[in-house]
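The values are calculated or read from the model by the stated rules, or taken from the named source; none is laboratory data. All values derive from a computational prediction rather than experimental measurement. With ideal geometry, Cβ positions are generated from the backbone for all residues, glycine too; neighbour counts draw on all protein chains shown.
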Amino acid sequence: MRVDGHTRICGIFGYPVGHTLSPAMHNAAFTALGLNFVYVPFLVTAEHLPAAVAAIRALGLAGVNVTIPHKEAVLPYLDELSREAGMIGAVNTIVNREGRLVGHNTDGRGFLKALTEQAGFDPAGKCALILGAGGAARSVAVELILAGVSRIFLANRSPERAETIAGLLLKIVSADIMVVPWSEKKEKLLAEAVACADLIVQTTPVGMHPAVEESVLFPFILLRPDQVVCDLIYNPPETKFLKSARLAGAKTVNGMGMMIYQGALAFTLWTGHPAPIAVMHKALQKVAWPDSRNP
Ligand code: NAP
């Protein structure tokens, strides 16, 4: 990688940011295409977020990714939002269009692309159950709605958060969105949602490295071979949740594809070039699963 007077800078704003795998993925892609770009992590506190966003303009950065905890907080500092980012209410990618900062959210579309590529799943007319109601759940829900899903069940540890998301979504789309309790005491309602679901998406951080022995409570015994079960976590490659779903006969998809495709979409927004998916995949595997030869 060369750095000279023409190098364009991309990066990621987050706090913390030391764990990010995005630099490896994007820098490998820039190198593969011979693009004079570099991607660097920026540790940005909440207090410094407005100044950091202003610096995108001042320093002429090509754009940045935005991660925890700034995905929602960054909205007021941008000039424009894409349709998806507006619907989701969160931004994970900023593009600097000659000083005009445009916020995008590529998480949901990245998820959908991975789902299509890896499971051949078309959401049109289907029923989905989303476990969790945080930012990732919201981006997945919006994208599934845009792709024509007929019904979404939302289940969350704190039901009021699921109610809030359902309320926000219903204000902007006409979709069939229902909140179901996620507790052992009311397992019948969850069982009905599982029975209806063609797609089940686990969006909580439970089971993520290093807590790999943990899993959310779920009636795996009810799963069928025609159902697709996704976990947005990619480290480990197969969470305890995903393994239980696979052993119960469902088709499973981990979060690696979403990670790659959300990055690929951002890459194209910044550079105007199609992303080298295979290169990004390889670079990401190398840093995410260094001990695994064939995950
Ligand atoms: P978030 O906004 O903090 O939301 C976390 C969600 O998980 C909330 O619904 C929370 O429930 C729930 N939760 C947390 N701990 C739980 C527990 N012990 N039991 C049950 N529920 C629990 O986080 P996020 O941004 O949505 O991210 C969620 C996950 O998605 C993370 O693992 C992240 O790495 C992953 N992700 C992956 C990709 C990818 O490219 N593969 C992209 C984005 C996110 P409460 O509301 O009750 O607190």
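So, E187, is that one in a helix (DSSP H, G or I), surrounded by fewer than 24 Cβ atoms within 10 Å (Cβ to Cβ), within 14 Å of the ligand (Cβ to nearest atom) and of a type in the set (D, E) or not?
No; evaluated as a whole, the condition is false for this residue.
Any idea how many residues of region 98-135 are over 17 Å from L75 (Cβ atoms) and either within 8 Å of the ligand (Cβ to nearest atom) or not in a loop (DSSP other than H, G, I, E, B) (or both)?
18
Sort through L223, L247, L189 and tell me the only one that's in contact with a Pro (Cβ under 6 Å, 6 or more places away or on another chain) and farther than 30 Å from P23 by Cα.
L189
Limited to region 50-72, what total is found for residues that are more than 11 Å from the ligand (Cβ to nearest atom) and either in a helix (DSSP H, G or I) or in contact with a Pro (Cβ under 9 Å, 6 or more places away or on another chain) (or both)?
Of the residues in that region, 9 qualify.
Got a sec? Which of E47, E84 is acidic (D, E) and either modelled with pLDDT under 95 or outside any loop (DSSP other than H, G, I, E, B) (or both)? Give the derivation first.
On the way: E47 fails: either modelled with pLDDT under 95 or outside any loop (DSSP other than H, G, I, E, B) (or both).
Every option except E84 fails the conditions.
Only one residue in I152, I200, I177 is surrounded by 18 or more Cβ atoms within 10 Å (Cβ to Cβ), in contact (Cβ under 8 Å) with a residue 40 or more places away in the chain and aliphatic (A, V, I, L, M), so which one is that?
None of the other options fit; the residue is I200.
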